[in-house]
Amino acid sequence: MQKLLTTILKTIIFFIGWAILISFTPDIGTNNPAFLRLWWEFSPFAVVVLFSIFFVFIIEKGKIKIPIITSFFKNSLIGVVTGALWLGSVAAVLILTKTMNIQGHNQIDFIWIWILASLLNAAMQELLMRGYLYQLWKQKYNVAAATVLTTILFTAMHGGAFEAGMIPVLNVVSMSVFATILLEYTGTMIAPIIAHFIWNAIGAIIMGSVSLASDYPNLLNSSFQGIQMLSGGQYKMEGSIIVLVVNLILITCLLVVNKNKSYESKFIRNNKKELG
């Protein structure tokens, strides 16, 4: 019981402390919306990095590790491929069914600043959810408990999905589970960060079909029509059941390859013992 209470207390202090601290973030003296958004994304990212360092090295005394740069290039590539497959498959289905149409484009000033801001947003969310908190619950209990806890928090952070309906909520939940399994498969946070970044940057800033903060611009004007369950209606991709289906397929595939990977590792260990 004491272990549970201690773990819950650490979780509350970490998450609520982060939320309180970022609420005091001051604005910067600029009229450039791109740089202002970059600052708004950098501040919560910087706070979660500092919180993570403090909790890992001071509170936990280094007993908990956050895997970030393990096999960096290999897992970066996995993140790119997974993110492209994730977003691309959803977009392909919606375009081929004529549910999604591209109608013109816009001029975006400082587009690379906007993209960098979306990267910081994705990195912040992943580090907040699947960094210290995930590793804490995984160490104290197991992967299932860590997944449930972080998925609840991740869904709570996207509270607007509840106003949109059941499908958007399930999309958020399944996305969190998908990112967690990707983390477990690669053994590093870099893959889910990159996959999440591709979903945000390409889906929102380029395609205009994913929701970020209201001030984010979009290069292409995407319209969605047809049955709302398929098109997502005013919530675009994130309200479409296609996203849920793709998320579930990716979750299943990752579970299968992760299981095969575990079998291979166990087989190699057993062979080493026999040879030894």
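The values are calculated or read from the model by the stated rules, or taken from the named source; none is laboratory data. Just so you know, these numbers come straight off a predicted model, no measurement behind them. With ideal geometry, Cβ positions are generated from the backbone for all residues, glycine too; neighbour counts draw on all protein chains shown. Side chains are part of the model used for accessible areas, which takes the heavy atoms of the whole protein and leaves out ligands, DNA and RNA. Shrake-Rupley method; radii C 1.70, N 1.55, O 1.52, S 1.80 Å.
Structure values in brief
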| item | result |
| --- | --- |
| Set of aspartates and glutamates near Lys3 by C-alpha distance (under 14 Å), chain-local residues within fewer than 8 positions excluded | Glu60 |
| Using a Förster distance of 30 Å, the FRET efficiency for Ile58-Val80 (Cβ separation, nearest 0.05) | 0.30 |
| Degrees between helix 143-157 axis and first principal axis of the chain (Cα, 0 to 90, nearest 10) | 30 degrees |
| Solvent accessible area, Å² - Lys259, 1.4 Å probe, full protein context | 110 Å² |
| Extended-chain gain in nm, criterion 0.36 nm per residue less alpha-carbon gap, Met229 and Cys253 | 6.2 nm |
| Accessible surface ranking that places the most exposed of Asp215, Asp27 first, with a 1.4 angstrom probe | Asp27, Asp215 |
| Under the Karplus curve 6.51 cos²θ - 1.76 cosθ + 1.60, θ = phi - 60°, whole-Hz ³J(HN,Hα) for the range 175-182, x wherever Gly or Pro sits | 5, 4, 5, 4, 5, 5, 5, 5 |
| Label point 7 Å beyond Cα of Asn32 along Cβ direction - residues of the range 72-113 with amide nitrogen under 12 Å | 109-113 |
| Violating pairs (Cα-Cα greater than 20 angstrom) within the set Lys74/Lys138; Lys61/Lys138; Lys10/Lys259; Lys63/Lys140 | Lys74/Lys138; Lys10/Lys259 |
